Amino acid sequence: SPTDGSVYYRFEGYLIPDTYYFYKNDDPHRVLEKFLDNLESKFPEQMQKDAAAKGYSPHQILTMASIVELESCGYYDEMSKIAAVFYNRLNWPAGQRKLQSDPTMDYPYGDGAYNTYEIEGLPPGPLCNPTAAAIQAAVYPEENFDYYFFVTDKNFKFYYNKTNQEHDATIAKLKRQKLWANG
């Protein structure tokens with residue numbers, strides 16, 4: 001994890017949710033080592049090499065995975081598509097590379113540095129500890145998935161759109177059908 005002070009919590013994103021077994025009064029360094037060893041098993045060297053070949057550091061992958069985790073609401077089948085949408089947005093022309101991920105607006109730390117409606121590109125670090133499935137999706141997003149927008153209805157059905165106009169039309173349709181999640 002970065003040590004330059006750019007992230008709010010140094011190990012956020014690096015402590016993978018899983019079942020861990022510890023001894024009573026275990027040494028805190030041993031506990032942290034167990035967490036980090038598990039991360040290494042879920043995000044092995046080959047995956048890190050595959051990410052590097054695409055131009056992303058392990059820290060950037062964990063940051064993307066945390067966004068995917070929060071945006072997917074636990075729907076693992078959608079994670080690779082969500083990752084593809086956000087990578088597509090990162091490839092927008094300069095000046096438009098805003099991910100516009102809602103969970104980043106709600107991140108309570110960092111004085112707005114994590115808000116992807118305000119900043120271009122990825123935030124300085126992860127917003128949560130992503131699952132192995134989210135890390136997998138961040139390294140291997142859905143291929144040839146040229147969508148830039150998505151929304152879920154109140155039943156957590158995901159809708160993907162290629163243009164903002166299509167996205168707005170989907171939202172309007174969901175509102176008419178009383179399926180809009182936000183109201």
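The values are calculated or read from the model by the stated rules, or taken from the named source; none is laboratory data. What you see is a predicted model; the values in this text were computed from it and never measured. Neighbour counts are summed over all protein chains in view; Cβ atoms, including those assigned to glycine, are modelled from backbone coordinates with ideal geometry. Surface accessibility is based on the protein's heavy atoms, side chains included, excluding ligands, DNA and RNA. Shrake-Rupley method; radii C 1.70, N 1.55, O 1.52, S 1.80 Å.
Against the numbered list (1) outside any loop (DSSP other than H, G, I, E, B); (2) open to solvent by 20 Å² or more (accessible area, probe 1.4 Å); (3) not small (Gly, Ala, Ser), residue 135 comes up short only at (2).
Among the residues of the range 129-183, those that are in contact with a helix residue (DSSP H, G or I) (Cβ under 8 Å, 6 or more places away or on another chain), among the hydroxyl-bearing types (Ser, Thr, Tyr) and in contact (Cβ under 8 Å) with a residue 60 or more places away in the chain comprise 131, 140, 147, 148, 160. Could we say that residue 90 is within 12 Å of the chain's Cα centre (by Cα) and either at pLDDT below 95 or crowded, with 18+ Cβ neighbours inside 10 Å (or both) here? No; evaluated as a whole, the condition is false for this residue. In the set (1) more than 14 Å from the chain's Cα centre (by Cα); (2) in a helix (DSSP H, G or I), residue 95 fails one condition alone, (2). Taking the stated definitions as given, is residue 116 among the β-branched types (Val, Ile, Thr), open to solvent by less than 80 Å² (accessible area, probe 1.4 Å) and assigned to a helix (DSSP H, G or I)? It is false that residue 116 is among the β-branched types (Val, Ile, Thr), open to solvent by less than 80 Å² (accessible area, probe 1.4 Å) and assigned to a helix (DSSP H, G or I).
If I filter the range 12-32 for residues that are under 20 Å from residue 131 (Cβ atoms), assigned to a loop (DSSP other than H, G, I, E, B) and in contact with a Pro (Cβ under 6 Å, 6 or more places away or on another chain), do I get at least one hit? So far as the range 12-32 goes, yes, one or more of its residues are under 20 Å from residue 131 (Cβ atoms), assigned to a loop (DSSP other than H, G, I, E, B) and in contact with a Pro (Cβ under 6 Å, 6 or more places away or on another chain). When 45, 78 are screened for being among the charged types (D, E, K, R) and in contact with a Ser or Thr (Cβ under 6 Å, 6 or more places away or on another chain), only 78 passes. The residue list 52, 65 contains one member that is part of a helix (DSSP H, G or I), surrounded by 15 or more Cβ atoms within 10 Å (Cβ to Cβ) and modelled with pLDDT of 95 or more, which is 65. Screening 46, 60 for residues that are polar (S, T, N, Q), within 20 Å of residue 140 (Cβ to Cβ), without any contact (Cβ under 8 Å) to a residue 40 or more places away in the chain and in a helix (DSSP H, G or I) leaves exactly one candidate, 46.
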